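To start, the structure under review is shown below, and the notes come after it.
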Amino acid sequence: MPVITAPFQGIEPGALCAADELFPIREVARLTGINPVTLRAWERRYGLIQPIRTESGHRLYTQKDIETVHRILDWIERGVAVSKVGRILARDDAQASSLRTLQEGEGQHEWVQWQQQLQLAIGAFDDRQLERLYGQIFAAYPAVVVFQDILMPLWHQLLRHQGRFGQASEWLFFDSFLRARIVQRLQVARAGRTPQVLLAAIAGECRELELLVAGLMLSGDELAVHVLSVGHPLDELTLVCEKIRPQVLVLFSNRSPSHELPKRLERLALTLECPLLLAGDASDMAEQQLAGTAIGCLGNEGRLMPRRLQQFLSGTLAT
């Protein structure tokens, strides 16, 4: 059970409102599955979380601290060493802060309201209401806002919170719904057009929905994108490219790049008749490793990826 206790060390009076929920370390361990020893290590050794201390020295965690623990787990599951997670969290927080500044006055509070309505429909497994909300959101915002700022943050939230009974089914319901709608949109966008972009996941390094969303972000009036099913072996992509003949092959990964990845990509690039690009979180983390190679990095920001892709195809983006 969450608790509210006062006074706290280093906290000015009034800094916490009565509505703030504070959780003891044993409750955080129960909610996240991370034992107290590890939580204390993440605090002392890496500075990843900074709980409030009571005058008696007991740690109390906010809901934001619990969200941070889930974010840490998410990056560790992607293969990032815990010693490197702090820099990634700081980068993401800085980007989120900049984005919030840009979004002031653009209806960000409406996005939260949409997410709340979506969550009610998901919790009721009401596909008709979910379909109605999906259509209304698309009528109000461009696709990049719909997915990057409304749908995918909710998808990630549901993915991280599957500890309670029924929550895994809610995430699966929402995930299945979104995958079906995005496949449909990609098919319509590509109808009757030769795909210039072939998008494939590095096997085991992203979820299908993340790949499909990337394909939707990259597609447009000037570019048709063919998204391969998740699981294609890397060494068979040369054969696929020979058949489809795209202008560019984009590999997608959200995991921490291994030390062998640059060499694997360079070997693949030598067998292709088209350029090779890397997208997803891995491209941000591997950018320095790939500097000076023939492989370009597109990042994982929905507003930036298509711009970088167009620049690369026009010859104005260096690898």
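When the residues of segment 139-164 are narrowed to those that are over 20 Å from the mean Cα position of the chain (by Cα) and assigned to a helix (DSSP H, G or I), which ends up nearest to residue 64 (Cα to Cα)?
Among them, the one singled out is 140.
Show the residue pairs meeting these rules: Cβ distance below 6 Å; 6+ apart or different chains; first residue within segment 22-49 and more than 18 Å from residue 89 (Cα to Cα); second residue part of a loop (DSSP other than H, G, I, E, B).
22/4; 23/2; 29/35
Please go through segment 290-302 and pick out each residue that is surrounded by fewer than 19 Cβ atoms within 10 Å (Cβ to Cβ) and either at pLDDT 85 or above or outside the structural domain of residue 249 (by TED's automatic domain parsing) (or both).
Scanning segment 290-302 gives 293, 294, 299, 301.
Please indicate, with yes or no, whether at least one residue in segment 88-101 is more than 24 Å from residue 254 (Cβ to Cβ) and either charged (D, E, K, R) or modelled with pLDDT under 85 (or both).
Yes: segment 88-101 contains one or more residues that are more than 24 Å from residue 254 (Cβ to Cβ) and either charged (D, E, K, R) or modelled with pLDDT under 85 (or both).
Hey, could you check segment 256-283 for residues that are crowded, with 18+ Cβ neighbours inside 10 Å and in contact (Cβ under 8 Å) with a residue 60 or more places away in the chain and say which is farthest from residue 212 (Cα to Cα)?
It comes out as 256.
Look at segment 42-85 and say how many of its residues are part of a helix (DSSP H, G or I) and farther than 30 Å from residue 283 by Cβ.
Total satisfying the criteria: 3.
Does segment 145-189 hold any residues that are farther than 24 Å from residue 33 by Cα and either surrounded by fewer than 14 Cβ atoms within 10 Å (Cβ to Cβ) or among the polar types (S, T, N, Q) (or both), and which are they?
Across segment 145-189, the qualifying residues are 148, 176, 180, 184, 187, 188.
Test residue 136 against the stated conditions and say whether it is exposed (fewer than 14 other Cβ atoms within 10 Å of the Cβ), modelled with pLDDT of 90 or more and more than 18 Å from the chain's Cα centre (by Cα).
The answer is yes for residue 136.
I'd like the residue in segment 279-301 that is charged (D, E, K, R) and within 19 Å of residue 85 (Cβ to Cβ) and, out of all such residues, is farthest from the chain's Cα centre (by Cα).
Across segment 279-301, the extreme among qualifying residues is 287.
Determine, yes or no, whether residue 201 is surrounded by 15 or more Cβ atoms within 10 Å (Cβ to Cβ), closer than 22 Å to residue 73 by Cβ and of a type in the set (A, V, I, L, M).
The answer is yes for residue 201.
The values are calculated or read from the model by the stated rules, or taken from the named source; none is laboratory data. Since the structure is predicted, the reported quantities are computational estimates derived from the model, not experimental observations. Glycine also receives a Cβ, built like all others from the backbone with ideal geometry; neighbour counts cover every protein chain displayed.
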